[in-house]
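The values are calculated or read from the model by the stated rules, or taken from the named source; none is laboratory data. From a predicted model like this one, the values you see are computed outputs, not experimental measurements. Cβ: placed from backbone, ideal geometry, glycine included. Neighbour counts: every protein chain shown. Ligands, DNA and RNA are excluded from the accessible area calculation, which covers all protein heavy atoms including side chains. Shrake-Rupley method; radii C 1.70, N 1.55, O 1.52, S 1.80 Å.
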There are 2 protein chains.
Amino acid sequence: MTSQTTRELLKRAEPDLTRAERQLCATLLHNYPMSGLGSITRLAEKAGVSTPTVVRMVQKLGFSGFPAFQAALRDELEAQISGPIAKHESWAGQAPEEHLLNRFTESVIGNIRQTLAQIDPARFDEVAALLADEGRRLFVTGGRITRTLAEYLFMHLQVIRPGVSLVPATSNAWPHAMLDMGEGDVLVVFDVRRYENTALKMAKLASKRGLKVVLITDQWQSPVAKHAACTFNCRIEAPSAWDSMVVVMLFCETLVAAVENRTWERTKARMSELEELFDATRIFRKFV
Amino acid sequence: MTSQTTRELLKRAEPDLTRAERQLCATLLHNYPMSGLGSITRLAEKAGVSTPTVVRMVQKLGFSGFPAFQAALRDELEAQISGPIAKHESWAGQAPEEHLLNRFTESVIGNIRQTLAQIDPARFDEVAALLADEGRRLFVTGGRITRTLAEYLFMHLQVIRPGVSLVPATSNAWPHAMLDMGEGDVLVVFDVRRYENTALKMAKLASKRGLKVVLITDQWQSPVAKHAACTFNCRIEAPSAWDSMVVVMLFCETLVAAVENRTWERTKARMSELEELFDATRIFRKFV
DNA sequence: CGGACACTGAAACAAATAGTTCAGAGTGGG
DNA sequence: CCCACTCTGAACTATTTGTTTCAGTGTCCG
């Protein structure tokens, strides 16, 4: 394929690029090749790097300068356009359509579409507001498969606001945790098929204590729904012996973003405090 | 049709144009819109007119100047290229396009598309084979954000085959775990930005001990790549203060499915054994 | 630790592009 | 045949774009 030469050039060169250059490279590949057709200034801005970085990179790729690079992009684009109409390409372009990468992705995209179509945005906003209310304590729980998702949600919420706890339904310690749960608090339950007994019991007890239960479950819906103030169903189908939690995670992340938007003023302070703590512990690298 | 506005603008304006302008117009329409994407000078040359003619004409068409005209062409081209796929309705049909649910999903789909386009299927299959090889012990590790993903992958792999361990990079117990790592074993490292020092150290030591290191990282690539036999980059952009791990999870699940396909005979037996154990512990509900 | 090295972007600089002016060529009507 | 009018491009100016230099910063390695 000569028509994709520059794209492949970018991909192949990527490992040898520096941090800023890789950032630029990613931007270029992101919506290839449109982002490269503007001026060097706008490309640099879009990628968040300086114009010298752009020049250095295209020279590293073998072009004499930015205009030469741009000309190559234009030529390829022209060849592509005048050529046969682009078919619906598979996701992993280099693999045949039946490759697992394509089949799995296809299935997950379908899950996303169907799940989103069913969600009531008003309900979603409602729950976001509930989770953003710092007057309420939050409890998050998940089962065998969903524990990691519960942890993921917990970790983010914990940074966003105070008063968040993770309650492992898989252990037998959860009745102790329930001692802290009071009227008006919120319990987020993850429960997907092979619905778990402990999840049901916990939700039942919690709703009796006056907690608002938010349930995140699959399309067949966990029996916890009976005790939940709000239920969200995510499609979890996949060409595998396992179910796919991708949509559940997408939902969690979106929820986190929504909560964060509502608490931003206070969250900002919490995050910068966290940042200082990280600096003090030197957990992270400063640069690549 | 808004997507062809400029082309139709040209066609409709043609009768009212002067000779030189019509010549220019014809050139533009001839291989629309490529001829308009170069500099004004080259367009003028190609059409055999002067640059003032070009400026006058685009102003006559209602653009403020040549750059504005060119920008319009680029935008149309972009819309045309990304094709009907990008033209989809909002994901959460009931919500306006600017609702976070739609914006977030949009962004994640973009991440998926771009990540998949970059993955080398051969490499993917290679790693799947590596993880399916029961002669090698497997170690999985992740950092602050990615720990949950590491756990998720671990949980699945553990069911699929024996000899899988989770090594928490966030604790200081990992050097102990390293005692068990030997030549030919595999270490799967998750490391996304705010790359962590422990991940790097662990990967370095592991590769020195003769382990194959598989790295799953973001588009900017963790420095662990230097010590990795195989690196996969996932786009993690999201309209949020946080990065999105959805694509990383998609990748993990696909990998799990691929490994499982290779070990299915033995995995089947393991899974039914697990089933019996579950029955014995009565963790799951028999019926909804 | 500390020196060598690599990466990055601000700023200065060079080159092209885009826009303007204006004189001359062409045209049509009186 | 001449005048008034429009159109056109050469030449100039202003602006933006592309390139180079250089100093600051962070990383690596002994």
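A few notes on this one:
- Answer residue from region B:38-69, given it is of a type outside the set (Val, Ile, Thr) and touching an Asp or Glu at 6+ places or on another chain (Cβ under 9 Å) and is farthest from DNA strand D (Cβ to nearest atom) among those: B:LYS60
- Qualifying positions in region B:48-70 - in contact (Cβ under 8 Å) with a residue 12 or more places away in the chain, over 11 Å from B:LEU24 (Cα atoms) and not in a helix (DSSP H, G or I): B:LEU61, B:GLY62
- If you check B:ALA225, B:ALA199, B:ALA203 for being at the interface with chain A (Cβ under 8 Å from one of its Cβ atoms), free of Cβ contacts under 8 Å to residues at least 60 places away in the same chain, among the aliphatic types (A, V, I, L, M) and in contact with a strand residue (DSSP E or B) (Cβ under 6 Å, 6 or more places away or on another chain), only one passes: B:ALA225.
- Scanning region B:206-222 for residues that are open to solvent by 10 Å² or more (accessible area, probe 1.4 Å) and either away from chain A (no Cβ under 11 Å) or not in a loop (DSSP other than H, G, I, E, B) (or both) yields B:SER207, B:LYS208, B:ARG209, B:GLY210, B:LEU211, B:LYS212.
- For A:PRO15, the stated conditions do not hold, so it cannot be described as within 13 Å of chain B (Cβ to nearest Cβ), within 16 Å of DNA strand D (Cβ to nearest atom) and within 21 Å of B:GLY38 (Cα to Cα).
- Yes/no for B:LEU179 being under 26 Å from the mean Cα position of the chain (by Cα) and either touching a residue at least 60 places away in the same chain (Cβ under 8 Å) or more than 18 Å from B:CYS230 (Cβ to Cβ) (or both): no
- The residues of region A:106-133 that are open to solvent by 50 Å² or more (accessible area, probe 1.4 Å), facing another protein chain (nearest Cβ under 8 Å) and not in a helix (DSSP H, G or I) amount to a single one, A:ASP120.
- Residues satisfying the stated conditions in region B:134-152, i.e. out of contact with any Asp or Glu (no Cβ under 9 Å at 6 or more places or on another chain) and within 14 Å of chain A (Cβ to nearest Cβ): B:LEU149, B:ALA150
- Filtered by the rule that a residue be out of contact with any Phe, Trp or Tyr (no Cβ under 6 Å at 6 or more places or on another chain) and surrounded by 14 or more Cβ atoms within 10 Å (Cβ to Cβ), region A:56-67 gives A:ARG56, A:MET57, A:GLN59, A:LEU61, A:PHE66.
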